[in-house]
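To start, the structure under review is shown below, and the notes come after it.
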Amino acid sequence: MQEPNQYLATTLRRLRKERGWSLDACAQATGVSKAMLGQIERGESSPTVATLWKIAGGFNTSLSTFLEPVPESGPGPLFRQPESLRHRPAGDGMLVAPLFPFEARFGFEMLELTLLPGYQRLSEPHEPGVIEHVIVQQGEPELLLDGHWQRLGPGAAVRFHGDRPHGYRNTGTSEAVFYNLIHYPA
Ligand code: MN
């Protein structure tokens, strides 16, 4: 398992400075406390996925921006192995592998998300125009869409507006794994 802390710490500080934000302004934009943001920037705190998503939302950017650098890619194919990419921020019940991190030229990020049994996450709406696609790889994750929990089996695919409240949970006894392709408006 990789430790995203140092990369996260420097990326958060860099992006915050680029915007000319104080820690206060950053707390205002993200809904994450100034104290927590300071701890993350100093590499003292490992935030949960939920907190990371709040930070990404406040910056109007993707989650993967805060996980690891965009992979070097030349003209050839880009191969990615999820087992070497899975992050588990703060011992959270959700593992995140940024298979294809966000790049502005493509406008999307593709994550492999693993929900441990019993995990549930309610997501704040993303910025307007964000579209999510979910394709189940294994297990039976449930998605909260338009106020209803919907169970999906392996191979099932769904597209929905990520700028509305939604959620993910795993009420099963084994891991649920799905791919999440998140498209961000230009
Ligand atoms: Mn979402």
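The values are calculated or read from the model by the stated rules, or taken from the named source; none is laboratory data. What you see is a predicted model; the values in this text were computed from it and never measured. Heads up: the accessible areas ignore ligands, DNA and RNA and are worked out on the full protein's heavy atoms, side chains in. Shrake-Rupley method; radii C 1.70, N 1.55, O 1.52, S 1.80 Å.
Building the convex hull from the alpha-carbon atoms of the chain and averaging its projection over directions returns 10.6 nm². Residues in the chain average 49 Å² of solvent-accessible surface per residue, probe 1.4 Å, ligands and nucleic acids excluded. Applying Stokes-Einstein at 10 °C and 1.306 mPa s to the Kirkwood radius of region 82-183, computed over alpha-carbon pairs, gives a translational diffusion coefficient of 116 µm² s⁻¹.
Its residues counted as N, region 1-105 yields a C-alpha radius of gyration over 2.2 N^0.38 Å of 1.08.
Given a 1.4 angstrom probe, I'd like the percentage of the accessible area of the chain that is carbon and sulfur, rounded to a whole number. Spell out each step's value before the answer.
Details: 4750 of 9150 Å².
Roughly 52 percent, rounded to a whole number.
By the helix-only formula, in which each DSSP H run with n ≥ 4 contributes -39500 (n - 2.57) and the sum is divided by residues, the chain has a 222 nm mean residue ellipticity of -6500 deg cm²/dmol. To the nearest ten degrees, helix 5-18 and the longest principal axis of the Cα atoms of the chain are 60 degrees apart. In the context of the full protein assembly, R151 retains an accessible surface of approximately 140 Å², using a probe radius of 1.4 Å and ignoring ligands and nucleic acids. Based on a Kirkwood Rh over C-alpha pairs, give the Stokes-Einstein translational diffusion coefficient of region 4-66 at 37 °C and viscosity 0.692 mPa s in µm²/s. Here the translational diffusion coefficient equals 295 µm²/s.
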